[in-house]
Amino acid sequence: MDELIDSTNYQLRVMKYEKPKTKDSTHALAAHCDTNTMTLLYQNEVNGLQIQSKDGEWINMKPSLNSFIVLIGESLSVWLNGRLPSPSHRVMMKGNEDRYSLGLFTRPRGGYVIKVPNELVDDNNPILFKPHDHEEYLKFYYSEITQAAVKSGGYISRLKAYCSV
Ligand SMILES: O=C(O)CCC(=O)C(=O)O
Ligand SMILES: [Fe+2]
């Protein structure tokens, strides 16, 4: 348990999305998958978060004021050998109120190897990802060559590009 706590970094972030200047629905946060382990989100009464389903459909999230949204990040998805997918999500704004959200982002700390557990690998489920250090991956994530590849549409998932077997 101590190792689990020690191996994780936590970042708490408050986000403000200003009300759109036009009547149309506007992109406030572009579609993405979180690269971390897990994200917990809380928001004010202004909706806007959309999650993409397997069929590509965007689903509006309407959490009650006493609930949190839990998103699986790509790092957890890779750790679980792809058993749980990390959903693509975005924020669309409409109406005349600002939106506030609070996110707790958990991220693996450098110096710990993320390795698919043997229990999740068998003949029907071959290993999909190489063991890696998340901080080393972040260097790849922010490298110029990777940024250029993303701009040209070269990568769907940078983490999968980094550590796929
Ligand atoms: O504000 C939200 O509801 C989502 C924020 C988010 O997806 C992110 O910061 O990665
Ligand atoms: Fe996100």
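Would you mind putting 134-142, 78-86 in packing order, based on average other-beta-carbon counts within 10 Å, highest first? Could the numbers behind the result be given before it?
Details: 134-142: 15.9, 78-86: 17.8.
Listed from highest to lowest mean packing, they are 78-86, 134-142.
Please report the spacing between the Cα centers of region 1-25 and region 54-83 in Å, no decimals.
Here the answer is 14 Å between Cα centres.
For ARG90 and ASP123, what does the FRET efficiency come to when R0 = 45 Å and r is the distance between their Cβ atoms, rounded to the nearest 0.05?
Once rounded, the FRET efficiency stands at 0.75.
Under 15 Å from the Cβ of SER7, count the other residues' Cβ atoms, weight Lys and Arg +1, Asp and Glu -1, and hand me the total.
-3
Would you mind counting up the charge near LEU104? Only other residues with Cβ under 13 Å from its Cβ, with Lys and Arg at +1 and Asp and Glu at -1.
Local net charge: +1.
What is the count of Lys pairs in the chain whose alpha carbons sit under 20 Å apart, if the two are 8 or more places apart or on different chains?
17
Against the 2.2 N^0.38 Å scaling, with N counting residues, where does the chain land? I'd like the Cα-based Rg ratio to two decimal places.
Dividing the Cα Rg of the chain by 2.2 N^0.38 Å gives 1.14.
Just so you know, all these numbers are worked out from the coordinates, no wet-lab data involved. In this text the structure is predicted, and so the values were computed from the model without any measurement. When we count neighbours, we look across all protein chains shown, and the Cβ atoms used for this are built from the backbone with ideal geometry, even at glycine.
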